[in-house]
Structure formats: C-alpha cells, structure tokens
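Participant: Structure provided below as structure tokens; questions to follow.
Every number here is computed from the coordinates shown, using simple stated rules; none is lab data. Keep in mind that what you see is a predicted model, and the values were worked out from it rather than measured. Because the Cβ atoms are built from the backbone with ideal geometry, glycine has one as well, and the counts that use them run over all protein chains shown.
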Amino acid sequence: MSAFCGAVSASCASGVAITYMVGGTAKQIKDTIDNTLANIPGIICDGAKVSCAARIATSLDAAMMAHYLAMNGQAYEAYTGILREEAGETISCVGYIGKVGMKQTDKEIIKMMLAKQ
C-alpha cells in the first residue's frame, strides 16, 4: 500500500489525454499537468475502497478543471509549490512524495487500520 492516491496520477493522465485529443499544444499539455498537480497532490489513499470512488471523482474533476484552464491560457507558474519548469521534473517531485515522503504516512495509516480490529 502507498499513502499516495493513484487516482491523482491517473486523473492527471486523463486530463492530459483529453487536452491532446482536442488538439492542445505541448504547452497546454504541460499546463494541464501543472494545473492538476498544483491542485491535488496531497490526496492520500487510506485503503478505504468505499470512499475510493469519491477520490476518483474529485481527482477527475480537478483534471478537467486543469484542462479547461490550460486550454484558456491559465496555468500555475513554475516553483509554485512542487511545480518545476519541466513537466518531467514536476512528475518526479510527485513520485518522490509518493515514494519517500509518504513512508511515515503509510505506517500511520496501517496503525489506524489495524487498531480498528
């Protein structure tokens, strides 16, 4: 289990695909990534599958908003939070948060889940 919610990455990719499919430029695609990852990188996975659908819907809503903003020339600037100049660098920051930054969060969530039983 990872405390980083996979719906965030999946929805970001979905938003990017939509931007691409409607003829978005490389900049608009990058802006869709930035707009999504500036908004929702902190959603955690707590293993609660019942509420997972809500996190998926929230993430997709954020990705669609990111897409519409990008298509209208609106985007967060580099170095706003975890955003970097290159999309790959921003994605690496999110990966680092999921892999390294969430280690303790993983442990704490597991403790809470086991305490219920």
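Participant: Considering only residues that are out of contact with any strand residue (DSSP E or B) (no Cβ under 9 Å at 6 or more places or on another chain) and not in a helix (DSSP H, G or I), which ones fall in region 3-24?
Facilitator: Matches in region 3-24: 22, 23, 24.
Participant: Pick out the one residue from 97, 82 that is touching a residue at least 40 places away in the same chain (Cβ under 8 Å) and more than 11 Å from residue 2 (Cα to Cα).
Facilitator: After ruling out the rest, the residue left standing is 82.
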